[in-house]
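In what follows, a structure is listed as structure tokens, so that the remarks can point back to it.
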Amino acid sequence: MDTKGHIGQVIYHIARLGYEETEQFAISGMQKHLRALGADQELIDYVAEHGRDGGLSEGWMLPHHTHAQRIEKFLDTKRSK
């Protein structure tokens, strides 16, 4: 999978957060694709720690929210290459 594909998968998994039945799948998937993009262990651990904070209401879906900003900042470095 190319960089663009991994970025798309990270975004897909973010969208799945907040749904109890798919939450672990979303967290694991996001970690997998962040690793493939070369994310440092701190960011991967951050996903595990905060992945269950919820979806839209807790900062994963909207770009101006804390969790989304952290992931977007990393993804932007990959988009610009």
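Ranked by the mean number of other Cβ atoms within 10 Å of their residues, highest first, the peptides 6-13, 36-43 come out as 6-13, 36-43.
With 0.36 nm allotted per residue and the present C-alpha distance subtracted, the TYR19-ARG70 stretch has 16.3 nm of extension available. Stokes-Einstein, applied to the Kirkwood radius of the chain over Cα pairs at a viscosity of 0.890 mPa s and 25 °C, places its translational diffusion at 200 µm² s⁻¹.
Per residue, the accessible area of the chain comes to 60 Å², computed with a 1.4 Å probe over protein heavy atoms only.
The values are calculated or read from the model by the stated rules, or taken from the named source; none is laboratory data. As the structure is a computational prediction, the values presented were derived from the model and not from experiment. Counting neighbours? That spans all protein chains shown, and the Cβs are built from the backbone with ideal geometry, glycine included. These accessible areas exclude ligands, DNA and RNA; they are computed on the full protein's heavy atoms, side chains included. Shrake-Rupley method; radii C 1.70, N 1.55, O 1.52, S 1.80 Å.
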